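> First, the structure itself, so that you have it in front of you.
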């Protein structure tokens, strides 16, 4: 049998679908100098760069702006697909607010940090093209998340928020905790809601709860349709379990050496660690 690596022709790749954290970004969440230069050069030569991330649009803005990437991209693990930099929403799949309400109860019971993203609120005082992040109180986890993403949260009574009849859904709900506690929370959420939710790990200490109709794979397929791309023209890059549906949507896939075992095993190619800008070295070698 001919391996996918032998069938791979770099000249036929028109787009790169890139996860951010753990794949494209350095551990301090910055874009490395070599990565910026490499992606700018590829874009200048006609390559389409598509971010497919669990991050919010607001949190991703600095990255697509830094390399001059534009067009439809995937945010919130696929809960939103938006055309940037103008932030024109193409698709949005909300989670029923009752799921967030139960998540809050569970978080209080387990002593975990919990937060929710709601659609843009014109009365929030923020730039109303961005989704709004709500937390109950500042904790080390929320401070870490703010540093990680650059998003300033709004402190509010989440019980009142998640039981308000005027709010029908949220973009995503999220637990931040150590992995064993996240797994316990995941199992309890799945026991309660089953296949009506999608519980994704986007970072070692992040558990995101989304509508079951959401995944990076579905989001990427929407983007590919908007951009007129065929699967064999797209190569996906990721390191976490939430990237696997994206691997299925694209014709080819690659993972950094620091990726989860299952992700590396699923990828067609494995490249150097994200901490050492392995993506840039791989792309420079692959797309000379």
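The values are calculated or read from the model by the stated rules, or taken from the named source; none is laboratory data. Just so you know, these numbers come straight off a predicted model, no measurement behind them. In this analysis, Cβ positions are derived from the backbone assuming ideal geometry, glycine residues included, and neighbour counts consider all displayed protein chains.
> When you scan region 206-235, how many residues do you find that are touching a helix residue (DSSP H, G or I) at 6+ places or on another chain (Cβ under 7 Å) and over 13 Å from residue 250 (Cα atoms)?
Selection size over region 206-235: 7.
Residues are listed down the side, and each one gets a yes or a no for (1) within 28 Å of residue 223 (Cβ to Cβ); (2) in contact with a helix residue (DSSP H, G or I) (Cβ under 7 Å, 6 or more places away or on another chain):
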{"site": "86", "(1), (2)": "yes, no"}
{"site": "93", "(1), (2)": "yes, no"}
{"site": "112", "(1), (2)": "no, yes"}
{"site": "161", "(1), (2)": "no, no"}
{"site": "169", "(1), (2)": "yes, yes"}
{"site": "172", "(1), (2)": "yes, yes"}
{"site": "178", "(1), (2)": "no, no"}
{"site": "181", "(1), (2)": "no, yes"}
{"site": "186", "(1), (2)": "yes, no"}
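> A further question follows. When you go through (1) closer than 24 Å to residue 253 by Cβ; (2) buried (at least 17 other Cβ atoms within 10 Å of the Cβ) one by one for residue 40, which number turns out not to apply?
Result: residue 40 passes all but (2).
> Can I ask one more? For region 102-135, how many residues are assigned to a loop (DSSP other than H, G, I, E, B) and modelled with pLDDT of 95 or more?
Within region 102-135, residues that are assigned to a loop (DSSP other than H, G, I, E, B) and modelled with pLDDT of 95 or more number 2.
> Here is a follow-up. Considering each of 49, 99, 81, 74 in turn, give the residue that is within 25 Å of residue 276 (Cβ to Cβ), in contact with a helix residue (DSSP H, G or I) (Cβ under 7 Å, 6 or more places away or on another chain) and either in a helix (DSSP H, G or I) or at pLDDT 95 or above (or both).
On the way: 99 fails: within 25 Å of residue 276 (Cβ to Cβ); 81 fails: within 25 Å of residue 276 (Cβ to Cβ); 74 fails: within 25 Å of residue 276 (Cβ to Cβ).
The conditions single out 49.
> Select from region 14-37 the residues that are assigned to a loop (DSSP other than H, G, I, E, B), within 22 Å of residue 249 (Cβ to Cβ) and touching a helix residue (DSSP H, G or I) at 6+ places or on another chain (Cβ under 6 Å) and list them in ascending order.
In the first step, residues of region 14-37 are kept if they are assigned to a loop (DSSP other than H, G, I, E, B); the result is 14, 19-32.
Among the residues that remain, those that are also within 22 Å of residue 249 (Cβ to Cβ) are: 14, 19-25.
Answer for region 14-37, where residues must be assigned to a loop (DSSP other than H, G, I, E, B), within 22 Å of residue 249 (Cβ to Cβ) and touching a helix residue (DSSP H, G or I) at 6+ places or on another chain (Cβ under 6 Å): 14, 19, 22, 23, 24.
> Taking region 185-206 as the search range and keeping residues that are out of contact with any strand residue (DSSP E or B) (no Cβ under 8 Å at 6 or more places or on another chain) and either surrounded by 15 or more Cβ atoms within 10 Å (Cβ to Cβ) or free of Cβ contacts under 8 Å to residues at least 12 places away in the same chain (or both), which one is nearest to residue 111 (Cα to Cα)?
The qualifying residue nearest to residue 111 (Cα to Cα) is 188.
> Which members of region 213-231 meet the condition of being at pLDDT below 95 and over 12 Å from the mean Cα position of the chain (by Cα)?
213
> Also, I was wondering about something else. Kindly provide the set of residues from region 165-182 that are surrounded by fewer than 18 Cβ atoms within 10 Å (Cβ to Cβ) and under 16 Å from residue 108 (Cα atoms), ordered by number.
178, 181
> Go through region 207-225 and count every residue that is more than 18 Å from residue 170 (Cα to Cα) and surrounded by fewer than 24 Cβ atoms within 10 Å (Cβ to Cβ).
Taking region 207-225 as the starting set, the residues that turn out to be more than 18 Å from residue 170 (Cα to Cα) are 217-218, 220-225.
Filter again for surrounded by fewer than 24 Cβ atoms within 10 Å (Cβ to Cβ), leaving 217-218, 221-222, 224-225.
Number satisfying all stated conditions: 6.
> Sticking with this structure for a sec: Would you please name the residue that is farthest from the chain's Cα centre (by Cα), looking only at residues in region 53-71 that are outside any helix (DSSP H, G or I) and farther than 26 Å from residue 189 by Cα?
Residues of region 53-71 that are outside any helix (DSSP H, G or I), as a first pass: 53-56, 68-71.
From the residues that got through so far, the ones that are farther than 26 Å from residue 189 by Cα too are 68-71.
On the way: 68: 19, 69: 16, 70: 17, 71: 16 Å.
The extreme case among them is 68.
> Could you check residue 88 against (1) surrounded by 15 or more Cβ atoms within 10 Å (Cβ to Cβ); (2) over 17 Å from the mean Cα position of the chain (by Cα) and say which number it fails?
All conditions are met except number (1).
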